[in-house]
Amino acid sequence: MLSKIYLLLYNCCLACGWNIVLYQAVEELCNSRNPTYVYEKCKVALKISQTLALLEIVHAAVGLVRSSPVTTFIQVQSRLVVLWLVLDPVSEAQGNSNVPMMIIAWCVAEIVRYWYYALSLVDKVPYVLTWCRYTFFTFLYPIGVSGELLTIYSVLPVVTATGMFSLELPNKWNVSFHYPIFLMLYMAGYVPYLPKLYMHMIKQRGKMLGKAAADGEKKSN
C-alpha cells in the first residue's frame with residue numbers, strides 16, 4: 001500500500017513538473033518568438049524533472065514496477081547525457097532552433113506518460129489517455145530523438161575547438177579522453193537500439209489499445 005502511495009505521488013509530481021517546463025517553454029517562445037532563451041527560461045524545472053527520472057531505474061531494480069532496469073536505464077540516460085553533458089554546459093547549443101522542439105516533445109510525452117502511470121495505479125485511466133499514451137509516441141519519439149541528435153551534432157565544433165571535457169596526454173593518470181569522439185560514438189549508438197524500441201512500442205500500441213477498448217465495452221455493458 002505504501003509503495004502504491006509513493007508511486008502515485010511520484011508520478012503526479014513528475015507530471016506537474018513537466019507541465020511547468022512546458023508552460024515556461026511555450027510562454028517564452030510565444031513572448032520572444034526566439035528559441036535562444038527557451039532553455040534559459042525552463043532549465044531549472046527541466047533539470048529537476050528529468051534528473052528525478054533516475055528514480056525510475058531504482059523502481060525497476062527493486063521491483064516497485066515491472067519494467068526492466070536495463071531498458072529503463074537506456075531510456076533515461078540518453079536525455080540526461082543530452083541535458084547535463086551537452087545542452088547545459090555548452091551555451092552555444094542552447095539557442096539552436098531544434099532545442100524548443102526537443103524540449104516540447106519531451107514535455108508532452110512525459111506529461112501523458114506520468115498521468116497515465118498515476119491513473120493506472122488507481123485504475124482510473126480514461127481511454128483517451130491510453131490512446132494518447134500509445135499514439136503520441138509515433139511522432140513525439142522521432143521529434144525528440146532528432147532534437148537530441150541535432151543538439152549533440154551542433155556542439156561538436158565547439159567542444160573540438162575548446163577541448164571541453166577532453167583529457168590529453170601526458171597527465172598523471174596516463175589516460176586520454178577525446179570528448180568529441182565520445183559524442184560521435186554516442187550518436188552512433190542510437191542507430192541499433194532506437195528502431196527496436198520504436199517497433200516494440202508499435203506492437204504495444206495495438207495490444208494496449210485493443211485491451212483498453214475491450215475493457216471499455218465491458219464497463220459499458
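The values are calculated or read from the model by the stated rules, or taken from the named source; none is laboratory data. Note that the structure is predicted; figures quoted are calculated from it, not measured. Quick reminder, even Gly has a Cβ in these numbers, built from the backbone with ideal geometry, and neighbours come from all protein chains shown. Please note that ligands, DNA and RNA were not included when accessible areas were found on the heavy atoms of the full protein model with its side chains. Shrake-Rupley method; radii C 1.70, N 1.55, O 1.52, S 1.80 Å.
Magnitude of the charge dipole for the stretch 1-77, about its Cα centre and with charges confined to Cβ atoms of Lys, Arg (+1) and Asp, Glu (-1), is about 100 debye. Stokes-Einstein, applied to the Kirkwood radius of the stretch 79-137 over Cα pairs at a viscosity of 0.692 mPa s and 37 °C, places its translational diffusion at 249 µm² s⁻¹. The residues of the chain expose on average 56 square angstrom of accessible surface per residue, using a 1.4 Å probe on protein heavy atoms.
Helix by helix through the chain, keep the DSSP H runs that span 24 Å or more along the axis on Cα and average at least -0.5 on Kyte-Doolittle, and give those back in order. TM-like helix candidates: 2-32, 98-121, 137-162.
Cα extents for the stretch 152-204 along the principal axes, largest to smallest and rounded to whole angstrom: 51, 24, 11. Fully extending the segment from Glu27 to Phe182 would add 52.3 nm, taking 0.36 nm per residue of separation and subtracting the current Cα-Cα distance. Residue-normalised convex hull volume from the C-alpha trace of the stretch 102-198: 135 Å³ per residue. Compute the distance from the alpha-carbon center of the stretch 139-189 to that of the stretch 1-37, in whole Å. The stretch 139-189 and the stretch 1-37 have Cα centres separated by 28 Å.
Across the accessible surface of the chain, with the other protein chains kept in place and a 1.4 Å probe, carbon and sulfur atoms take up 67 percent. Count Lys and Arg as plus one, Asp and Glu as minus one, and take only other residues whose Cβ is under 14 Å from that of Met102; the net charge is then -1. Estimated translational diffusion coefficient (Stokes-Einstein, Kirkwood radius over Cα pairs, 25 °C, 0.890 mPa s) of the chain: 128 µm² per second.
Using Cβ point charges alone (K and R +1, D and E -1), the dipole size of the stretch 82-156 about the Cα centre works out to roughly 280 debye.
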